[in-house]
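Structure, as structure tokens:
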Amino acid sequence: FNFILGQLYLKLDESALARKHFVKTIRLTPPYQFAFQSNLGLISTIAANETESLKVPKKYLKKMLKDDKNLDYQDQIYFELAKIAMMENKTDEAINYYQLSARKSVSNNDQKATSYLALAKLFFERKDYTKAQNYFDSTVTFISQLHPEYEKINAQHLVLTDLIENLVEIERQDSLLQLSELPRAEIDKIINNLIQAKQDEADRKKLEEELNNLGSLDINQNKPATQGGP
């Protein structure tokens, strides 16, 4: 009951009351999962308090990452680190932590979906619509239909899919319009650079294939001959 009260007060932004009940939970020596979640709750109450340094919860979370008992909970730890990075206005750092959270979510699909959703919103705000679309797709792939916000997220995904497709098309048209206004010599230069980049990529792939073939040939040649009969 103390654990539930801590969570409820945290949702109501009653940090002092949330902290009080999370501490009570930990003092009752609960099963490890309750202790772990209570510690995360405590960190959230510290992070939500503007008068306290964010260095304290960040340091504690990084310490938790090194504890082998928390291997199955690393996805949640990285997610909390991402939230703190966002509070510090370190968006690139937050993106890295959200990506690590999604990567570490092996069996916790709801956490994976939550991390993907955070990434989708971040890239949408950055107007990187292609990445935003990819992360929204991943969110819908992993989110459970039992998730309390499933219908809302699914509807948001459908609306944003159409919106992003339109925005990408607008960007493409704007780029073509800007290109058409350039001098002919500048357009030719851009086209030639694109052709050269494609050719360089093709040459690189061809070289890799040749090297792989040579490696396979060397291995086969160095194999000892199969002995005959007795």
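The values are calculated or read from the model by the stated rules, or taken from the named source; none is laboratory data. Keep in mind the model is a prediction, meaning the values are calculated, not measured. Reconstructed Cβ throughout: ideal geometry from the backbone, glycine too, with neighbour counts over all protein chains shown. In case anyone asks, the SASA skips ligands and DNA or RNA and just uses the protein heavy atoms, side chains included. Shrake-Rupley method; radii C 1.70, N 1.55, O 1.52, S 1.80 Å.
Restricting to helices (runs of 4 or more DSSP H) lying wholly in segment 1-92: which have 1 or more residues that are charged (D, E, K, R) and open to solvent by 60 Å² or more (accessible area, probe 1.4 Å)? Can you show your working first?
Values: elements: 2-11, 15-27, 32-47, 55-65, 74-87.
Here the list reads 2-11, 15-27, 55-65, 74-87.
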Quick one: which of LEU146, LEU158, LEU167, LEU177 is at pLDDT below 85 and assigned to a loop (DSSP other than H, G, I, E, B)? LEU146
Would you confirm, using the coordinates I've provided, whether GLN111 is outside any loop (DSSP other than H, G, I, E, B), modelled with pLDDT under 85 and surrounded by 18 or more Cβ atoms within 10 Å (Cβ to Cβ)? no
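Only one of ILE164, ILE143 is under 20 Å from ALA82 (Cα atoms), in contact with a helix residue (DSSP H, G or I) (Cβ under 6 Å, 6 or more places away or on another chain) and β-branched (Val, Ile, Thr); which? Reasoning before the result, please.
Working: ILE164 fails: under 20 Å from ALA82 (Cα atoms).
After applying the criteria, what remains is ILE143.
If the requirement is being open to solvent by less than 50 Å² (accessible area, probe 1.4 Å), free of Cβ contacts under 8 Å to residues at least 60 places away in the same chain, more than 18 Å from PHE79 (Cα to Cα) and of a type in the set (A, V, I, L, M), which of these qualifies: ILE153, ILE95, ILE143?
Details: ILE95 fails: more than 18 Å from PHE79 (Cα to Cα); ILE143 fails: more than 18 Å from PHE79 (Cα to Cα).
From the options ILE153, ILE95, ILE143, the qualifying one is ILE153.
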